[in-house]
Amino acid sequence: MRSRRFLIGPRVGRSAVALASALLLMVGGSLLPLDTARGGEPESWPQWRGPNRDGRSTSTGLATDWETTPPSLVWMAEGMGGGYAGVAIADGKIFTTGNRDGAQAVVAVDQQTGQVLWTSRITDSEPNHDYGGSRCTPSYDDGKLYVVASSGRIVCLEAADGRVRWFRDFSDWGGQMMSGWGYSESPLVDGNLVLCTPGGERGTIVALNKNTGRDVWAAEVPNVIGDGKNHNGTDLRPGAGYSSIVISEAAGVKQYVQLLGQGVVGVRARDGRYLWGYEEVANNVANIPTPIPFGDRIFCTTGYGTGAALLELAKRGERVEAREVYFLDQRTFQNHHGGVVQVGDYLYGGHRHNEGFPICVELATGKVIWGGDERGPGGGSAAVTYADGMLVFRYQDGVVALIEATPDGYRLKGSFRPEYQERESWAHPVIVDGRLYLREQDKLMCYDLRGR
């Protein structure tokens, strides 16, 4: 365990009066406390892809036609720093990561006003890798934040003021990435554990005590799964990919599923024992989309000319066997990045490498129901979030589109270009309490989706 002497103190926001004003919301000409205006308990988005890591929001009562009721800008804030990280939202605060002041930092923002409340450095200097900037969406749990710096360090901070509780460097486990674009994982908090993926020989996936940062177990996943080649016969690279861990109970075994350089793997939750691996869907450039677990099955996909697969897991003694139910080649379905969401019996996402063509796929069979051959209103890959029967596509060029989540056909319900756009708009859209949050490098935009 290392000391934290390098860390500067958190920087706290300016005015108590400004913070008090953030508790009020203008509705119908009168000021009401936010909870009253919503008429219920506040929603949260405590980690990557939301409460269940599935890209689904619980917000309801949203406008379903942006042509007649377009989103309206509530506020736009500065001070997030440089990077592509998404946001987590809990306890009235928004948390993200960014490069600023010569280092990488966690930034906390008031949810109602966008005012920066504090910043706290998590690296000694600004990480050096291609496409500079942060990647990690913080994970919030019980008043703490857990963050992975793109340089390879997991940090625990107090959510109230940014004070660092502990940190570990991925070099402790011989950390290794499949390629050089910086660690992009958002750590998983599960009970008393926090999990992350150094990708090293001494710990491919590690479980730490979330309160102390001490090792609970370190899973050593083989560098070569099968013959070390994917569906196209391409040689694969070991190490961490650009995905994040999800929980599965497949085959009656609680396990952590992760997409690595060498493929999709499962390790047993209680001790990190390697259970199974599947290499066909991996590529040797960047494996990015988060796998989707459901029942005894796992759906996974990557870009760079690879494809997608559905796996079925079965218990085989102390091991678990992964059987390929189907494989979809790159022409049928591949998700570069931006992810896929499951809604009922169907999957929705962007198809084609760096394209984001809207597509609906039947989960059980892999049959394309609609789409995949028509560009949406934006350009480049698309990050996708589901809410209230609708899909929000955020394209790389900044355009945001509303698409009905139905197998009955592609139904575009409007689009808009946000107030600000810079570089690649890769941060995933987040929807909480009827508001859409869009991170764009140093800026964060908040839009009302209820059309009040």
Where labels lie 7 Å past Cα in the beta-carbon direction, separation of residue 374 and residue 321 in nm: 4.3
Multiply the residue gap between residue 212 and residue 367 by 0.36 nm, knock off their C-alpha separation, and tell me the result in nm, one decimal place. 51.1 nm
Given labels modelled 7 Å from the Cα in the Cβ direction, how far is it in nm from residue 64 to residue 227? 5.1
Would you mind computing the Rg to Rh ratio of the range 289-424 from its alpha-carbon coordinates, Kirkwood style for Rh? 1.01
Identify all aspartates and glutamates with a Cα-Cα distance to residue 229 below 18 Å; exclude those on the same chain that are fewer than 8 residues away in sequence. 279, 280, 324, 329
Positive-end residue of 128, 83, 143, charge dipole of the chain with Cβ unit charges: 143
Starting from the Kirkwood Rh over alpha-carbon pairs, what translational D in µm² s⁻¹ does the range 221-272 have by Stokes-Einstein at 20 °C and 1.002 mPa s? 181
Straight-line reach from residue 315: which lysines fall under 19 Å, measuring Cα to Cα and dropping same-chain residues less than 8 apart? 254
Which residue, 444, 342, 160, has the largest displacement toward the positive end of the dipole of the chain when charges sit on each Cβ (Lys, Arg +1; Asp, Glu -1)? 160
Under the rule of -39500 (n - 2.57) per DSSP H run of 4 or more residues, summed and divided by the residues of the chain, what mean residue ellipticity at 222 nm is obtained, to the nearest 500 deg cm²/dmol? -500 deg cm²/dmol
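Do you know the relative contact order of the chain, to the nearest whole percent, from alpha carbon pairs under 8 angstrom that are 6+ apart? Intermediate results must be reported in sequence, preceding the final value.
Details: 1315 pairs, mean separation 64.1, N = 452.
It rounds to 14 percent for the chain.
With Cβ to Cβ distances under 12 Å as the rule, what net charge do the other residues near residue 417 carry (K, R +1; D, E -1)? Intermediate values should be presented prior to the final figure.
On the way: positive: 394; negative: 397, 419, 440.
Counting the neighbours of residue 417, the net charge comes to -2.
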Treating cross-link reach as a plain straight distance, find the lysines whose alpha-carbon is under 29 Å from the alpha-carbon of residue 443, omitting any fewer than eight places away in the same chain. 93, 144, 413
Two decimals, Cα atoms only, Kirkwood Rh: what is Rg/Rh over the chain? 0.95
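Every number here is computed from the coordinates shown, using simple stated rules; none is lab data. Since the structure is predicted, the reported quantities are computational estimates derived from the model, not experimental observations. For neighbour counting, all protein chains shown are included, and Cβ atoms are generated from backbone atoms with ideal geometry for every residue, glycine included.
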